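Structure first, commentary second.
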Amino acid sequence: MNHRGAALLAINLAALLFGSAALCGKLNISPFFIVCARSGFAALALLFSRLIQRQSIQFSEKLQGKLFLSGFALAAHWLFFFASVQMANVAIATVSFASFPLFTIFFRSLMYRKSPTIIEIIAALTILLAITILCAQQIALDPAFIPGTICGINSAALFSFFSLLSQSLNRKNSRVTVSLYQNLYVFILLLPATLLTDNLPEDQNVWITLSILGVFMTAGAHQLYFFALEHLRASTCAAFVSLEPIYAIILSQLIYQEVVSSTVILCGFGILLASTVLLRQEKAAHN
């Protein structure tokens, strides 16, 4: 298997793990505690990996500012995402988050001063229309879900910004080391607020779930995602991560019996279709 094939496999596995992570938002603990524990376990797993491989964890001081900014964006993305799951449900949170190719196009155009192509514009408008319909449904049927939808959209914008920063950081640095520092910054940023506002869970199953979330669904998934970013464009990775709602919705129905409306399914299909168009454009550019 060549690097491109391996990258396509990696981004699909990452999407599955990201979708599974959404279910952890159903835990009866605050998003601050979920994110703090997630980043802490992930940082420990990545540090252990570096020590086992006897690899350096030193990082250029010139890039610490950008590294801290990416960690801050990751922390905010996770907080908004898990808040969306708790305020609405897994389907709303993941479908809203799947709009992040729209923001990837926008941020990339600003960062590289490159105008989007006609295909990217059409795909972006399709995603925007799907999100508009989704929000309109929440206003009409269940206004209580509106804050959850807004949080999901915010998490999408923050993740696209985080992925573009990570892509630039990974060009000259080990992706494991980058991820280690990002998760460490998330943990440091959220630890004070978490200790002041939350009590430690007494249920052992909660700690087991959080450790799986940190080690496999975070440390492992991000390494797969960063590997894909090394060989594919950010918009292509965005297209595949947009598959996350499909995995998450299926799992939430199987485990929590969540009811998903036809509008949510149609909006998710529209977002997935637009992301597929971006993927086809990437294949054409590669060939």
*If we scan region 47-56, do we find a residue that is closer than 21 Å to Phe72 by Cα, crowded, with 18+ Cβ neighbours inside 10 Å and touching a helix residue (DSSP H, G or I) at 6+ places or on another chain (Cβ under 9 Å)?*
no
*Taking region 199-216 as the region of interest, how many residues are without any contact (Cβ under 8 Å) to a residue 60 or more places away in the chain and touching a Phe, Trp or Tyr at 6+ places or on another chain (Cβ under 8 Å)?*
0
*Taking Leu69 as meeting all but one of (1) part of a helix (DSSP H, G or I); (2) more than 19 Å from Phe162 (Cα to Cα); (3) in contact with a Leu (Cβ under 9 Å, 6 or more places away or on another chain), write down the number of the exception.*
(2)
_Considering only region 217-230, I want to know if a residue exists there that is in contact (Cβ under 8 Å) with a residue 60 or more places away in the chain, crowded, with 17+ Cβ neighbours inside 10 Å, in contact with a Phe, Trp or Tyr (Cβ under 7 Å, 6 or more places away or on another chain) and over 20 Å from Phe162 (Cα atoms)._
no
*Given region 97-193, what helices (runs of 4 or more DSSP H) lie entirely inside it while holding 1 or more residues that are among the hydroxyl-bearing types (Ser, Thr, Tyr), surrounded by 15 or more Cβ atoms within 10 Å (Cβ to Cβ) and modelled with pLDDT under 80?*
100-112
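The values are calculated or read from the model by the stated rules, or taken from the named source; none is laboratory data. Fair warning: this is a prediction, and the values are worked out from it, not measured in the lab. Heads up, the Cβs are rebuilt from the backbone with ideal geometry, glycines too, and the neighbour counts pull from every protein chain shown.
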